[in-house]
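Just below is one structure, and these are the notes that go with it.
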Amino acid sequence: MKKCCLAVIVLLGCIICNLPVEAQVNGEIIEQDLDVSRYGYTIIKLWGSHYDMGYAYGYLMGEDIATAIEEAKLLVASWGYSWSEMITLVNSYTYKPDCIEDEFDGLADGVNDTVTGASYTAPDVKAINLFGDIAYAISCRSVSSWGSTVSNSEFSTISTRRLDYYDVGIEAQYHHVVAKFEPDDGSPKWVNFAWPGYVACVTGVNEFGTIASLHDWGSMGSSSPNPLPRVIAARYALTMVTDSDISTHLDSVFAELNTYGAATPGFLNYYVPNGGGGVIKHTCEAGYYEVRYPQPGCYGGEAIYTNNSDISGATIGEPWGTYYADNAPTGDITMDGQWTTAGPSFHRVTVGVRGRDDMVIWFDGYTPTGLTPKLELEWNALEVEQPGTFNIPEYYEIHAYPNPFSEKTIISYQLTVNNGQSNTRLSPPTTDYRLPVATHIYDINGRLVYTPKEGLDDPCSLNPASCQPFETSAKNGYLSFSWTPEPTINSGIYFIRSNMANQNVCKKIIYLK
């Protein structure tokens, strides 16, 4: 009997240790601060093909995206509609650029590969991306200054976007995501300020320093067939133009958008630096039909303002009216002035532009427990390290001590690298080593019991609470984690399974309470 049990254990161990290799993703969560309700923020970088970026996003933030979809289903049901009716509506829209379809496919695949039992489709992901159109409730203020109005600052252009957005009933939207996209097809890099799984745009900025954002205006009406949603139009506007002469961008974008119907009425702010931007008006009946350019009467044509009214653009309205009257004539408009005067909102973004790929971004967002911290980001700090700039150890082993264990065990990766002559243990690991190690702990039945928080640069320093009960260290050629099983974990045999650079390594451990 004991021999039979041993054979079963060995067989199960072989199955568990030979599960498919975990996906390697073109993405990295570089900072995250979330409370127990998942309120807070995440900063994430994504690169590569549009499918690869979508897949990485879905894989790295799968649970949050799945939660957003499930909350959206409940919300739609509360409106008296079925999710299938929602999907029918979603499928009736036009999506641009064409490559965004690859991102939706990648997002769905990434979520499905990381969330147990998930079987989402691209239309499910599209649905949560379209709440900026379907939940027509964006009451906002935006302002931009350049030239003499900012002459005493270090920036050529300073722009601020204040999103006033009511709670539609999706808790996942209190998880604010700052996502940097760096596609490999030559289209512009851009940063999106939104929520988990969002590749459409409510507020975004591209590598030229252009901010695109949305405002409500007008009443709903009858749209032309297959209209372009405004959140998709804003995304398209940010990433369709590559001409280094930014003064041509607004007219090029309008010429393209003017060929589409609009799903929702409103304004699309397209604030190109140095006065090259404007506001594109759209209604359901007329589509994207008219541009409002900066007006000479508004501080010499060196400032522009948008709110939720069809104003002439000749003035700067509240909350910045008094601030501009006091500071614009003397060139004293600043990032801090625009930011502070804007006041808190659902999210607030201020961008100071020095030049292409050279800007400062400030961001904060609202949660039911207060505002997120103010994020102050240099654009170049969000740049993606190109593949090949990180060394990857060619071989590694897993060690566990003590084993068997009764309270906790130290799980270590011994790293080696070929130095051209022989395999050498890294002692200590250097900071230029990237460890895309996916580690999971399974029970004897093959059920996943835990996934460690991991990384050479100690992500626990960003948010220690998120790393419990694991602790990380890197010394003496090892990267180590300690596992203290939760009280619900039973005594028994467990398997640590890890992969790095397509190497699968498995280690059996025994837990004795």
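Using R0 = 45 Å, the C-beta based FRET efficiency linking residue 148 and residue 38 works out to 0.50.
Sorting 202-211, 293-302, 59-68 by their mean Cβ neighbour count within 10 Å, with the most densely packed peptide first, gives 202-211, 59-68, 293-302. Neighbour counting of Cβ atoms within 10 Å sorts the residues 411, 29, 333, fewest neighbours leading, into 29, 411, 333.
From least to most packed, judged by other beta carbons within 10 angstrom and beginning with the fewest, 49, 223, 213 follow the order 49, 223, 213. For the stretch 27-382, the number of Lys pairs with C-alpha atoms closer than 13 Å, counting only pairs eight or more positions apart or on separate chains, is 5.
Taking GluC sites (Glu not before Pro) across the stretch 87-189, the ones in a DSSP loop with at most 14 further Cβ atoms lying within 10 angstrom of their Cβ are 154. The calculated FRET efficiency for residue 290 paired with residue 486, based on their beta-carbon distance and R0 = 51 Å, is about 0.30. Given labels modelled 7 Å from the Cα in the Cβ direction, how far is it in nm from residue 274 to residue 403? Each label point is offset 7 Å from its Cα along the Cβ direction, giving 6.1 nm.
Legend: ranking of residues 182, 71 from fewest to most surrounding C-beta atoms inside 10 Å; resulting order 71, 182.
Positive end of the dipole of the stretch 27-382 (Cβ unit charges, origin at the Cα centre): among 333, 351, 89, the Cα lying farthest that way belongs to 333.
Where a number appears in this text, it was derived from the coordinates with a stated rule and is not lab data. Computed from a prediction, not measured in an experiment: that's the story for all the values here. A quick note on method: Cβ atoms are made from the backbone with ideal geometry, for glycine too, and the neighbour counts reach across all protein chains shown.
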